[in-house]
Every structure is written in C-alpha cells, then in structure tokens.
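> Next up is a structure, given as structure tokens.
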Amino acid sequence: MNVTQISFPQQLMGIVVISVSMVLGCGGGSGPRLATVSGTVTLNGQPLPDALVSFYHGEDRPSHGTTDASGHYELEFTADRKGALIGENVVRITLATVSGEGVKPRKETIPIMYNSDSELTYEVKSGSNENANFDLKKSGGGGG
C-alpha cells in the first residue's frame, strides 16, 4: 500500500480553501440582507387564520409565516433569522395542507390568484415592514 505524505503547507492550504468555501457557500458571515416583515391577512374583510404566507424573491430561499386567529403573521427566513429578502417579492397565501403524521390534509379554499398563480407582490424595504397587509377577495363559488 502506497501512502503519500502531505506537507504542512499543503494541509494549511486545504484548510484555508475549505474554510473560505464554507463562508462563501453560506452567503457570507451574516448571510443575505433581510428586513423584518409582518402584517395581517384578511379574506373579504375578515381575519384569515392558519394561512401560510410565503415571500419569494427570485430563485432564492423563500420566507414563511403562518397567520394566527386574528390573521397576523411574521415572516421567518430560517429558524433563527426573521424577515424576508430585501426587494420585490412574489407573495403566495394558501390554506391548503398536505397529509402527514397527525395532520389531516386540507383543500385550497382561496382563489389561485393568491397562491399557485399569485398576482400578489410586495416590495420589502430595508428596516421594518410592519404593514405588509393583504385583503383577499373571494366571490361566491368554490375555492381556487
């Protein structure tokens, strides 16, 4: 069996390359620029509880939040970072869920123009975006 010795300078260079790759691959030391986003979602003027609100910024990771009983939500980018990416975001709001352990699936009951074919957008500005409110309209008939 042939074993090749790696010199100290080669080891050091390897450590530097791996370290730099990890920092750059994670978006830098602090990650992408985010701003806090919160607001209220209503449907025909009434609070919309248990809705998933998602902000999509191009091909980047989306931010998500779930509305409470009063329709209020706050976005999270990751489990430990609140907010959404600064700039124009497509907003998708859904009530649909998929089945899972202990979760009963729920069909979409709001129009697709607010979720899968969303026409909603929001410009996230630097700082705090506390009034990212959406009043969805649904006429008679069925969902989506």
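The values are calculated or read from the model by the stated rules, or taken from the named source; none is laboratory data. Fair warning: this is a prediction, and the values are worked out from it, not measured in the lab. Neighbour counts run over all protein chains shown; Cβ positions are idealised from the backbone, glycine included.
> Filtering region 84-127 down to residues that are in a strand (DSSP E or B), small (Gly, Ala, Ser) and modelled with pLDDT of 95 or more, which residue is nearest to ARG33 (Cα to Cα)? Give the steps one after another, and end with the answer.
So the first thing to find is which residues in region 84-127 are in a strand (DSSP E or B), and the list is 84-85, 87-94, 97, 100, 103, 106, 120-124.
Still in the running and small (Gly, Ala, Ser): 84, 87, 100.
With modelled with pLDDT of 95 or more added as a condition, the list becomes 84, 87.
On the way: ALA84: 8, GLY87: 10 Å.
Filtering first and then ranking leaves ALA84.
> Mind listing whichever residues of region 131-144 are assigned to a loop (DSSP other than H, G, I, E, B) and out of contact with any Gly (no Cβ under 7 Å at 6 or more places or on another chain)? Spell out how you get there, then give the answer.
Applying the first criterion (assigned to a loop (DSSP other than H, G, I, E, B)) to region 131-144 yields 131-133, 137-144.
Matches in region 131-144: LYS137, LYS138, SER139, GLY140, GLY141, GLY142, GLY143, GLY144.
> Quick test for you: out of SER139, SER70, SER126, SER116, pick the one residue that is of a type in the set (Gly, Ala, Ser) and within 16 Å of the chain's Cα centre (by Cα). Spell out how you get there, then give the answer.
Details: SER139 fails: within 16 Å of the chain's Cα centre (by Cα); SER70 fails: within 16 Å of the chain's Cα centre (by Cα); SER126 fails: within 16 Å of the chain's Cα centre (by Cα).
After applying the criteria, what remains is SER116.
> Against the condition touching a helix residue (DSSP H, G or I) at 6+ places or on another chain (Cβ under 6 Å) and under 15 Å from TYR122 (Cβ atoms), how does ILE93 come out, does it pass? Lay out the reasoning, then the answer.
Details: touching a helix residue (DSSP H, G or I) at 6+ places or on another chain (Cβ under 6 Å): yes; under 15 Å from TYR122 (Cβ atoms): yes.
Yes, satisfied.
> So, one more: Would you please name the residue that is surrounded by the fewest Cβ atoms within 10 Å (Cβ to Cβ), looking only at residues in region 41-69 that are within 18 Å of THR109 (Cα to Cα) and among the hydroxyl-bearing types (Ser, Thr, Tyr)? Before you say what the answer is, go through the steps one by one.
Step one: list which residues in region 41-69 are within 18 Å of THR109 (Cα to Cα), which gives 41-54, 66-69.
When the remaining residues are screened for being among the hydroxyl-bearing types (Ser, Thr, Tyr), the result is 42, 54, 66-67.
Numbers: THR42: 17, SER54: 18, THR66: 13, THR67: 23.
By that ranking, first place goes to THR66.
> Of everything in region 102-138, what is exposed (fewer than 13 other Cβ atoms within 10 Å of the Cβ) and in contact (Cβ under 8 Å) with a residue 12 or more places away in the chain? Give them in sequence order.
Listed by number, the residues that qualify are LYS107, SER116, THR121, GLU123, LYS125, SER126, GLY127, SER128, GLU130, ASN131, LYS137.
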